[in-house]
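To start, the structure under review is shown below, and the notes come after it.
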Amino acid sequence: MDKFMLVFHSPYSQETAFMEMSPEAMQAEIQKWNTWIGGIAAQGKLIGTDALAPVGKTMTKGGQVITDGPFTEGKEIVGGYMLLTAASLDEAVELAKGCPMFDSDGTVEVRPIINFE
Amino acid sequence: MALTGNESNQLVAHLFRHEAGRIASVLTCMFGFDRLDLAEDIVQDTMVQALQSWRFHGVPDNPRAWLYRVARNKALDVVRREKRFREMSTETAYGHQQENADTMQDRYFFDEEITDSQLRMLFAICHPAIGAESQMAMCLKILCGLSVREIAGAFLTTEETIAKRIYRAKEKLRQDGIQLEVPTGAQLLVRLDAVLKSIYLLFSEGYNSSNSDQLIRQDLCEEAMRLCLLLAQTPRTQRPSVDALLALMCFQAARFDARTDANGAIILLADQDRSRWNQTLIQQGHIYLNRSAEGAGPSEYHLEAGIAMLHCIAPTYEATSWSTVLMYYDLLLALKPSPVVALHRAVALAKVEGPQKALIEVANLSGLDAMHHYHAVLGDLYEQCGQVEPARIHYQRAMQLTTSMAEKELLRRKTER
């Protein structure tokens, strides 16, 4: 079994859209994610998953320049990631197909984690 | 990082919405009415934090406790930041302004305090000084956790209109210095009447509106019943009229699903499949109606609940105890003289004494000409009398007046009979 990382990219507007969501819509969103992640966990293929807050700093120039961002309007940001195991890249892609990101114009990047052993 | 195995925890239906309402009430009682917007912001922050975390990590074992802890901590952050403990609004009225943050957090999120906060909020929002439409919008927004968009959808209006209604209510609450408290003594009965009226209006909006979205309409009915249940479960507000209104809403809600077919077309009471009526709700209706039978004479809700109950227990439309229904309508008309009640009474009168007699009664009513239901009843009575042409004219008039597509369709079928 190989390891893969799914990187969730979403439009910045989606991250801020959460602030406008109704409680009922938030609950529905949680249930969608729980169903998808629960399905992968039930197969014993989930290593871990987390969300990233839509805030932070970007450091450049040897760490000397620290800016807020890079979250400008209209840009995509990384909203979260998942680590999972799968037999192949194809299987990892198959597992990623149910990701609720796709319901809100998101993108999922599926990347094999290099095994150096 | 790993999922803790909680992913199988399922959220109770509408948990977010209902907890948002509870937390908003508790926080407003904590901060005072002038900080209602702050309370709403904290609620939204709390819910977003839950969304971010639960989405990936699953639902915690005790979701309510999780939400209360986060909301409380956010509230305490505000309190600490503003250092306004001593100036805390006198509206909190618990007399514990001197308390430190630790004892405060324990006090506000006990079940009793949550219920108490919701009741204070309910009485404040349903203050007679606030317009009925604003009251309904505020109840749904603050107490029931619906968004402005969802409320606009339910009332078939724009978000801007709903936002205005809410704004007006908040202004009124501030200007008139309406207190966040449950009135006592003689005041309680007067204000309770106003609260019940708002709750029933909310229920009727869901039950009778022309909105084709069945789910939204059912939501409004459920929320109205939930608010009434809050009053019925609290000893000092559990009055006979409260139980009677709850009974009435149970009997009506029991028939909710049976009133339309799979295509959304209206099925009249006479033609409904009575096996589709919700027996659990009917049983609950009986329990509350029995409990309501104490104290002074019956309220309008007692009589309306009695009528709704008679329909629920009748094996068929024809076998309904029409003479008792008529008697209840006579009492209701004496208690609340209104042409609309008289119109409903005429339907029962037609069953007991024949359509001719009912036609004469309805002909004497005034002020109903712009009401589609009036013409629908007239059409029906003429039809029963075998007078096809006047029946058709009134059905067509009703068709022009109603905005509901389902109702138009029903009337169209009638004109073609």
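Every number here is computed from the coordinates shown, using simple stated rules; none is lab data. Predicted model, so just to flag it, every value in this text is computed and none were measured. So basically every Cβ, Gly included, is an ideal-geometry build from the backbone, and we count neighbours across all protein chains shown.
General remarks:
- Rounded FRET efficiency, nearest 0.05, which uses the C-beta distance separating A:Asp50 from B:Gln387 and R0 of 45 Å: 0.05
- The mean sequence separation of alpha-carbon pairs under 8 Å and at least six residues apart, normalised by the residue count of region B:207-333, gives a relative contact order of 25 percent.
- Rg/Rh for region A:2-112, where both radii come from Cα atoms and Rh is the Kirkwood radius: 1.02
- The value of relative contact order for region B:333-417, using C-alpha pairs under 8 Å at least six residues apart, is 22 percent.
- Overall dimensions of region B:239-320, expressed as equivalent-ellipsoid semi-axes from the Cα gyration tensor (√(5λ), whole Å, largest first), are 25, 12, 10.
- Debye log10 I(q)/I(0) for the protein assembly as shown, one point scatterer per Cα, at q = 0.09 Å⁻¹: -0.81
- Shielding value for B:52-64 is 5, the average number of Cβ atoms from other chains within 10 Å of each residue's Cβ.
- GNM top mover of B:Cys144, B:Cys385, B:Cys312 - chain B, alpha-carbon springs below 10 Å: B:Cys385
- Shape annotation for region B:282-382: C-alpha extents along the principal axes are 39, 29, 22 Å, from largest to smallest.
- Subset of A:Lys3/A:Lys97; B:Lys336/B:Lys357; B:Lys164/B:Lys408 violating a 28 Å alpha-carbon distance limit: B:Lys164/B:Lys408
- Largest GNM mean-square fluctuation across B:Arg35, B:Arg81, B:Arg274, computed for chain B with C-alpha springs under 10 Å, falls on B:Arg81.
- Across peptide B:272-278, the average count of Cβ atoms from other chains found within 10 Å of a residue's Cβ is 0.
- Environment charge of B:Lys336, counting only residues whose C-beta is closer than 15 Å and scoring Lys/Arg +1, Asp/Glu -1: -2
- Net dipole in debye of region A:2-112 [+1 Lys, Arg Cβ; -1 Asp, Glu Cβ; about Cα centre; nearest 20]: 400 debye
- Length added when fully stretched, B:Ser275-B:Phe110, from 0.36 nm per residue minus Cα-Cα: 55.2 nm
- Take every pair of alpha-carbon atoms less than 8 Å apart whose residues are at least six positions apart; their mean separation over the length of chain B yields a relative contact order of 10 percent.
- Shown here for region A:15-105: trypsin sites (Lys or Arg not before Pro) in loop regions (DSSP other than H, G, I, E, B) with at most 11 other Cβ atoms within 10 Å, namely A:Lys61, A:Lys97.
- Nearest-0.05 FRET efficiency for B:Asn263 and B:Ser338, computed from C-beta distance (R0 45 Å): 0.85
- Under the span-like rule (Cα at least 30 Å along the axis, Kyte-Doolittle mean at least 0.0), DSSP H helices of chain B: B:185-208
- Cβ-based exposure ranking for B:Val70, B:Val43, in which fewest neighbours within 10 Å come first: B:Val70, B:Val43
- Size of region A:23-80 as Cα extents on the principal axes (Å, biggest first): 45, 30, 16
- Local net charge near B:Gln400, Cβ-Cβ under 15 Å (Lys/Arg +1, Asp/Glu -1): +2
- Of the chymotrypsin sites (Phe, Trp or Tyr not before Pro) found in region B:269-357, those that fall in a DSSP loop while having at most 15 other beta-carbon atoms within 10 Å are B:Tyr317.
- With each label modelled as a point 7 angstrom along the Cα→C-beta vector, the B:Glu409-A:Ala17 pair spans 3.1 nm.
- The residue among B:Thr316, B:Gly131, B:Gln400 whose Cα reaches farthest toward the positive pole of the charge dipole of the protein assembly as shown, with charges on the beta-carbon of Lys, Arg, Asp and Glu, is B:Gly131.
- Ordering A:Gly79, B:Ser25, B:Leu201 by Cα displacement along the dipole of the protein assembly as shown toward the positive end leaves B:Leu201 in first place; charges were set at the Cβ atoms of Lys, Arg (+1) and Asp, Glu (-1).
- Cα→Cβ-extended label distance, 7 Å offset, between B:Met327 and B:Gln396, nm: 4.3 nm
- Size descriptors for chain B: radius of gyration and Dmax over Cα atoms are 24.2, 78 Å.
- Take B:191-200, B:124-133, B:351-360 and order them by the average number of nearby Cβ atoms within 10 Å per residue, most first; the result is B:191-200, B:124-133, B:351-360.
- Candidates A:Met5, A:Met21, A:Val65 compared by Cα position along the dipole of region A:2-112: farthest toward the positive end lies A:Val65, with charges placed on Cβ.
- Per-residue shielding of A:47-57, expressed as the average number of other chain Cβ atoms within 10 Å of the residue Cβ, stands at 3.
- Taking Cα centre as origin and charging only the Cβ of basic (Lys, Arg, +1) and acidic (Asp, Glu, -1) residues, the dipole magnitude of region B:333-417 rounds to 120 debye.
- Simple Cβ-charge dipole of chain B, Lys/Arg +1 and Asp/Glu -1, about Cα centre, in debye nearest 20: 280 debye
- Net charge contributed by nearby residues that have their C-beta within less than 11 Å of B:Arg64 (K/R +1, D/E -1): -1
- Gaussian network model of chain B, springs between alpha carbon atoms under 10 Å - residue of B:Ser147, B:Ser404, B:Ser366 with greatest fluctuation: B:Ser366
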